[in-house]
1. Report the one residue of Tyr348, Met324, Val201 whose Cα lies farthest in the direction of the positive end of the charge dipole of the chain (charges on C-beta: Lys and Arg +1, Asp and Glu -1; origin at the Cα centre).
2. Going by how many other Cβ atoms sit within 10 Å of their own, how do Arg111, Arg146 line up, fewest first?
3. Taking only Cα atoms and a 10 Å spring cutoff, compute GNM fluctuations for the chain and point out the largest among Val90, Val26, Val115.
4. Would you mind checking Lys190/Lys238; Lys107/Lys238; Lys96/Lys190; Lys101/Lys235 for any pair whose Cα atoms are more than 29 angstrom apart?
5. Between Asp13, Asp225, Asp182, find the one with the highest GNM mean-square fluctuation for the chain; connect C-alpha pairs within less than 10 Å.
6. Place a label point 7 angstrom from the Cα of Leu202 along the Cα-to-Cβ direction, then list the residues of segment 215-250 whose backbone nitrogen is under 12 Å away.
7. Just want the ordering: Ser265, Ser103, Ser282, from fewest to most Cβ atoms lying within 10 Å of their own Cβ.
8. Taking the Cβ of each residue in Ile345, Ile195 as the centre, tally the other Cβ atoms inside 10 Å and list the residues starting with the fewest.
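Since every read-out is calculated from the coordinates, none of them should be taken as a lab result. Values in this document were obtained by computation on a predicted structure and should not be read as measured data. Positions of Cβ are backbone-derived with ideal geometry, glycine not excepted, and every protein chain shown enters the neighbour counts.
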Amino acid sequence: MPQHRVELRFTTDSQTAETHTNLSAVRTDGPGLWVAGDETATIEHLVLRDGRYDDQRGFALADFVDLPAGREEEADIEGIARDDGWLWAVGSHSLKRRRVKGSETAKAHRRLSTVIREENRFTLVRLPLIGEGTPHVRPVREDGERTAAILAGRDDNLAAILQDDPHLAPFLAIPGKDNGLDIEGIAVRKGRFYIGLRGPVLRGWAVLLEIRPKEHRHDRLRLADLDDGEGHERKYRKHFVNLRGLGVRDLCPHGDDLLILAGPSMDLDGPVRIVRWPGAMSERGPAASGLITAADLEEVAEPAYGVGDDHPEGLAVLADGSLMVVYDSPAPERFSPAGGVYADILEYR
């Protein structure tokens, strides 16, 4: 159960766009908060004031990098990370199956047979921050030699590097909500990068990808080679994590540890739990692809979840060590009278 709730208040434009109803990522920044919804191509910043997060400013990714499908198509941002003056955002890299609408059988069958690929979902974006840790922090396209950059394109995105992977390649053609490839978290600290997969979950094992983005051109990223521990150089390491059948909903560093928000991989409501992987973010962390058993993890909290609503999607650590959880599809009682939504604050035990 939450210790208490805190309001995240949004502008009228964001309320009209329903950004506040599909929050999928969150990260703290001093007195501020970075959040993103999964149905836009923007990142929002709010500032703690009078006990709530307010003064929202929105930043369109297309103002900083060239999105493959342009400004208007959603990027399905599912993870935000902040480290050493940089802000990172990652799209789901998932295919989308159409939802059933109405009760007409023929139309429902057609919609369920339609799978869509939206290119803006297949992106990893790096933005330089200026004024980090202040209420006026903002991303910029350039800050001296630091430049905004993107990993994207049919052959250069995170899904493309998995096309020959013996475990994950078979799931690239499957929509995310069908246990196909679905990125839902990023954690960055001191050059160590983890990408969390909501799906696929393989025989109860979730997957974390470890990568090292590097600058290719002033506005493009590539992945550096990593030793996989078996004498091979690859673009990623692969860690199987026993989340007891759940997938990753978000990742968040906490010192040298990695917190994992775990939830169902498919279109289910729960269960949901937060676990800690000790030492995962440290310099002495994994040097090879690995297997992280349930005994290697510690459960630290159980966020609330609803039935048909209140889906925990974003996790952040606050300055006092407590945890913030934000929700997609918030329940009616989670909306505030002023047009905001309430996030839960959990004790980190």
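1. Val201
2. Numbers: Arg111 15, Arg146 18.
Lowest count first: Arg111, Arg146.
3. So, out of Val90, Val26, Val115, the one fluctuating most is Val115.
4. On the way: Lys190/Lys238 19 Å; Lys107/Lys238 40 Å; Lys96/Lys190 34 Å; Lys101/Lys235 41 Å.
From the list (Lys190/Lys238; Lys107/Lys238; Lys96/Lys190; Lys101/Lys235), the Cα-Cα distance tops 29 Å for Lys107/Lys238; Lys96/Lys190; Lys101/Lys235.
5. In this elastic network of the chain, the residue with the biggest mean-square fluctuation among Asp13, Asp225, Asp182 is Asp13.
6. 238-241
7. Details: Ser265 25, Ser103 7, Ser282 15.
By the 10 Å Cβ count, ascending, the order reads Ser103, Ser282, Ser265.
8. Working: Ile345 16, Ile195 25.
Ranked by crowding around the Cβ, least crowded first: Ile345, Ile195.
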